[in-house]
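The values are calculated or read from the model by the stated rules, or taken from the named source; none is laboratory data. Note that the structure is a prediction, hence the values are computed from the model and not measured. Here the Cβ positions follow ideal geometry from the backbone for every residue, glycine too, while neighbour counts run over all protein chains shown.
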Amino acid sequence: MSTSETAEGASTQAPLLLSDTHVHLNLDPYAGDREDVIRRARSAGVGIMVNVGFDLETSLGSIELAERYEFVYASVGLHPHEAGELSESLLDELERLAAHPKVIAIGETGLDYYRDLSPREDQRRAFREQIRLARRLGLPLIVHSRDARDEPGGALRNVLDIVDDEEAGAGGGVMHCFPGDVDYARKVIARGFHVGIGGPVTYSKRGRLVEVAGAVPIQRLLLETDAPWLAPAPHRGKRNEPAYVARVAETIAEIRGIDVDDLARATTGNALKLFRIPELPAPSIAYEMWGNLYLNITNRCTNECYFCVRYESDSLWGYNLRLDREPTAEEILDAIGDPARYREVVFCGYGEPTVRLDAILEVGKRVRAQGGRVRLDTNGHGNLIWNRNIVPQLVDAVDAVWVSLNATTAEAYEAICRPRFGSDTFDHVQAFVRECRKVGLPVTVSVVDVPEIDLGEAEALAGRLGAPLRVRGGGVPRNGRRPHSSGRSGGP
């Protein structure tokens with residue numbers, strides 16, 4: 001993210017890539033300069049802000065702010081500090097407010113045994129009632145959890161007990177101001193929740209939050225400020241504001257060793273999906289991530305892998321990959337521009353690229369002639385699709401091939417990938433790998449890290465095929481539902 005510094009010390013950049021998924025701009029600390037604060041956030045690249053309610057007054061204020069600014073959305077809820085105020089009439093009022101089109105979540109709600117400003121039984125009751133409200137309305141939850149160690153298991157365990165009891169993961173949500181370690185993050189993600197990280201990640205170069213920021217699957221990560229509190233370094237101890245989410249993004253990108261633009265784009269895409277914000281751009285033929293340019297040339301696929309994200313959403317990393325129609329070779333080339341700008345140009349997207357073999361051959365040859373490096377990410381079904389060996393044709397069009405095995409046996413492949421071509425498909429995929437090696441095409445095989453795949457067996461199979469193995473990050477089971485991966489053939 002190309003940045004410069006304002007007088008306030010906030011990073012400035014364009015386009016608007018960042019999202020602040022937890023802010024309280026309607027509070028008194030902003031009464032004198034709210035417009036300036038919002039202007040600085042926009043200059044810093046913040047395209048979406050979720051203003052969070054924590055009682056009736058702040059929930060109303062969040063809606064008023066969301067009505068005033070198209071890029072601000074609201075949540076309504078009752079914080080555990082205010083849990084003693086819960087009544088049937090208040091729940092009815094929250095439900096009425098939640099019908100507003102700019103309300104995208106219930107919360108913040110949860111448990112806070114650190115300050116204990118409400119009786120713990122009241123906190124648990126208010127949390128349960130708001131989970132039920134969220135489920136009834138089909139809205140995600142914004143969860144606050146801060147524990148007191150004087151209770152066996154602590155608040156962390158109790159939050160998850162209630163989440164399990166009430167099946168809160170059905171609608172998803174975010175664990176705001178994430179309070180745990182990597183193991184707890186896995187448990188939160190397993191229940192269908194995202195992990196929200198803000199300013200505290202900048203306070204130290206090491207520690208459990210830094211470890212969490214590096215370990216959480218990027219598709220489950222959200223950025224936040226919790227402004228006016230928890231300002232990141234170097235503003236720690238001062239009033240926080242949403243422009244400073246750029247500091248959070250820069251820190252997490254450094255921890256993960258990735259480009260901050262990629263992190264910003266991915267986490268904003270996560271926010272759009274979680275909160276069902278209808279802000280998807282036009283369908284993308286070409287989408288940039290990790291220094292690569294990915295080519296989305298078809299949505300047709302010869303597998304129906306249960307983990308594929310395309311069954312959940314039209315978007316990935318903030319890009320809309322649901323094509324209105326398949327692009328021509330010339331349109332693909334126009335979308336690429338200068339291919340030498342990218343580490344690799346990759347045929348990938350929301351479908352099996354080899355169903356469009358002619359486009360791969362034409363575009364790939366021309367990209368290579370312009371100094372670009374080309375990779376094909378495939379299910380390995382090309383020879384089945386075309387009823388002939390297509391590998392010799394690929395030699396002039398691609399520099400490398402990544403093949404998704406996603407199983408170690410034919411039976412497992414049928415169960416996981418549900419191929420169009422039947423029970424012999426896995427044998428054909430392995431034969432495709434061997435054909436690539438035979439003609440000298442560098443080939444990598446990959447599997448998604450899901451429970452049905454023994455990674456040791458996958459490593460052994462890759463060795464027999466003579467190809468390196470890449471393990472792609474999968475999801476984790478949610479309430480008995482199967483996990484989801486990045487949803488792409490191969491992937492970066």
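Yes or no: N299 in contact (Cβ under 8 Å) with a residue 40 or more places away in the chain, in contact with a Phe, Trp or Tyr (Cβ under 9 Å, 6 or more places away or on another chain) and either assigned by TED's automatic domain parsing to the domain that holds G337 or among the basic types (K, R) (or both)? Yes; evaluated as a whole, the condition is true for this residue.
Results for (1) modelled with pLDDT of 95 or more; (2) in contact with a helix residue (DSSP H, G or I) (Cβ under 9 Å, 6 or more places away or on another chain), shown as yes or no for each residue.
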{"site": "Q123", "(1), (2)": "no, yes"}
{"site": "Q130", "(1), (2)": "yes, yes"}
{"site": "E151", "(1), (2)": "no, yes"}
{"site": "G154", "(1), (2)": "no, no"}
{"site": "G169", "(1), (2)": "no, yes"}
{"site": "V212", "(1), (2)": "yes, yes"}
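Which residue is surrounded by the fewest Cβ atoms within 10 Å (Cβ to Cβ), if the candidates are limited to the range 309-334 and must be more than 19 Å from D261 (Cα to Cα), at pLDDT 90 or above and not acidic (D, E)?
Going through the range 309-334, the residues more than 19 Å from D261 (Cα to Cα) turn out to be 309-314, 322-334.
Narrowing the set further to residues that are at pLDDT 90 or above leaves 322-334.
Filter once more, keeping what is not acidic (D, E): 322-323, 325, 327-329, 332-333.
On the way: R322: 15, L323: 19, R325: 8, P327: 22, T328: 14, A329: 17, I332: 24, L333: 20.
The residue in question is R325.
Residues in the range 333-373 that are touching a Ser or Thr at 6+ places or on another chain (Cβ under 7 Å) and either outside the structural domain of N383 (by TED's automatic domain parsing) or among the charged types (D, E, K, R) (or both): E352, R356.
Residue count for the range 336-354, restricted to those that are surrounded by fewer than 17 Cβ atoms within 10 Å (Cβ to Cβ) and aliphatic (A, V, I, L, M): 1.
Matching residues to (1) exposed (fewer than 15 other Cβ atoms within 10 Å of the Cβ); (2) under 30 Å from K187 (Cα atoms); (3) among the polar types (S, T, N, Q):
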| residue | (1), (2), (3) |
| --- | --- |
| R373 | no, no, no |
| T378 | no, no, yes |
| N387 | yes, no, yes |
| S404 | no, yes, yes |
| D449 | no, yes, no |
| A458 | no, yes, no |
| L465 | no, no, no |
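Regarding F275, is this residue farther than 18 Å from V346 by Cβ and over 14 Å from the mean Cα position of the chain (by Cα)? Answer is no for this residue. When the range 395-440 is filtered for residues that are under 21 Å from G463 (Cβ atoms), touching a residue at least 40 places away in the same chain (Cβ under 8 Å) and of a type in the set (K, R), only K438 remains.
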